Amino acid sequence: MKIGIVGLGLIGGSLGFDLRSQGHKVFGVSRRESTCNKAIALGNVDEASVNLRLLAPTEVVFICTPISLIVPQVKQLIDHLSPATVVTDVGSVKAPIVEAISPLWDHFIGGHPMAGTADSGIEAAQRHLFVDRPYVLTPMTTTPTRAIAVVEEIVRSLGSKIYYCQPEQHDRAVSWISHLPVMVSTALIAACISETDPEVLQLAQNLASSGFRDTSRVGGGNPELGVMMARYNRQALLSSLQQYRHNLDELIHLIEQEDWQILEEKLQLNQQARPNFVE
Ligand code: NAP
């Protein structure tokens, strides 16, 4: 197939690697000429350009730009495509994107690969990034079955586990397990660096090990992406944060009251609940 990718960064570049290795011809469009040249040299794409016209012959296009540019890029792109071309995006938020693009392009289906690293840009792209990772697709009732089938087949070929849901359900679910953790994790780092004794702060930095590495990882990631999550999934994220604050207050109260028994019961409940998310 002839497949287009707009936005040659971590996700777009990683997609390019895997799609090319399956024999697809991959056309990439990015903002900077230097990124286009790098993507060709690294092997992410067969051809690349800063001009969306390059994508005229493609049958499927993945939009992999930062969230705020997905809708504007689709608006410019569709002038260059044949009407049968299937368009999909990889944005971490779905409702506002699907709402805006569906009326513009019949053959559009929203998507979100639940895969990533703390790095960004074309040099962060990795082969096999999507293997065994969830990949959410959010078709509307009006989405043509052919568009769904085409994207589903490509996503399956990446080795991802496919999940279907409504865009709003996606946004609430990822708020709990992706966007809330970013805010919690960044607040954790902020709390740690608020230590006022420089010797204690230095000691804490020297002693930090796997526990801190795990809990601070997503808070130490791409700031632009964190802002996008908050901006475009604001309502769901605020609800999750308010619930989180409630749980934090409960823990503070139990510790103040030295209510070790209830604290242990809560910790036990959460210990039992965790495998439902991560195993
Ligand atoms: P990224 O590494 O920063 O890549 C985005 C790329 O888009 C940049 O490298 C930039 O390339 C290009 N770009 C910027 N403006 C553009 C424009 N106007 N036209 C064309 N290309 C443009 O970001 P990412 O992590 O791959 O994220 C991309 C999308 O994937 C986002 O929508 C995000 O929500 C989603 N996503 C991210 C993750 C994750 O963990 N990172 C996971 C799942 C989904 P230049 O070098 O040319 O400027």
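Key figures for this structure:
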| read-out | value |
| --- | --- |
| Charge dipole (the chain, unit charges on Cβ, about Cα centre) - positive-most of P275, H253, T196 | P275 |
| Cβ-based net charge around S178, under 14 Å, with every Lys or Arg adding one and every Asp or Glu removing one | +3 |
| Of the DSSP H helices in the chain, those whose Cα atoms cover at least 15 Å axially and whose Kyte score averages -0.5 or more | 10-21, 67-77, 145-157, 180-193, 234-256 |
| Computed magnitude of the charge dipole of the stretch 169-278 (debye, nearest 20; Cβ of K, R +1, Cβ of D, E -1) | 700 |
| Unit charges on C-beta of K, R, D, E only; dipole of the chain, Debye | 1200 |
| Estimated D of the stretch 69-167 in µm² per second, where Rh is the Kirkwood radius over Cα pairs and Stokes-Einstein applies at 4 °C, 1.567 mPa s | 92 |
| Built amide H within the under 5 Å cut-off of G4, gap 5+ | F27, E59, V60, V61, F62 |
| Length added when fully stretched, L201-Q76, from 0.36 nm per residue minus Cα-Cα | 40.0 nm |
| Rg/Rg_globular for the chain, with Rg_globular taken as 2.2 N^0.38 Å and Rg from C-alpha atoms | 1.13 |
| Sequence ranges 220-228, 264-272, ranked by mean other-Cβ count within 10 angstrom, highest first | 220-228, 264-272 |
| Highest-MSF residue in the chain out of H170, H24, H253 [GNM, Cα springs under 10 Å] | H253 |
| Relative packing of peptides 127-133, 92-98 - highest average C-beta neighbours within 10 Å first | 92-98, 127-133 |
| Cut-off 12 Å, label 7 Å out along Cα→Cβ of S49, residues of the stretch 5-36 by amide N | 27-30 |
| Per residue solvent-accessible surface (Å²) - the stretch 169-278, probe of 1.4 Å | 74 |
| Share, in percent, of DSSP beta bridges within the chain that are antiparallel, nearest 5 | 15 |
| Cα-based shape type of the stretch 169-278, given that a ≥ b ≥ c are square roots of the gyration tensor eigenvalues and the cut on a/c is 1.5 | oblate |
| Taking the chain and dividing mean pair separation by its residue count, relative contact order in percent (alpha carbons under 8 Å, at least six apart) | 15 |
| Rel. contact order, % - alpha carbon contacts under 8 angstrom, at least six apart, the stretch 169-278 | 34 |
| Probe 1.4 Å, protein heavy atoms only - accessible area per residue of the stretch 28-106 in square angstrom | 42 |
| Accessible carbon and sulfur surface of the chain relative to its total accessible area, %, 1.4 Å | 53 |
| Karplus (6.51, -1.76, 1.60) ³J(HN,Hα), θ = phi - 60°, over the stretch 79-87, in Hz, Gly and Pro reported as x | 5, 9, 9, 7, x, 7, 5, 8, 10 |
| Inter-part distance where the stretch 192-255 and the stretch 1-42 are each reduced to a Cα centre, Å | 34 |
| Ratio of the Cα radius of gyration of the stretch 1-97 to 2.2 N^0.38 Å, where N counts its residues | 0.96 |
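The values are calculated or read from the model by the stated rules, or taken from the named source; none is laboratory data. If you're wondering where the values come from, they're calculated on a predicted model, not measured in any experiment. With ideal geometry, Cβ positions are generated from the backbone for all residues, glycine too; neighbour counts draw on all protein chains shown. When the accessible area is computed, the model is the full protein with side chains, heavy atoms only, and any ligands, DNA or RNA have been set aside. Shrake-Rupley method; radii C 1.70, N 1.55, O 1.52, S 1.80 Å.
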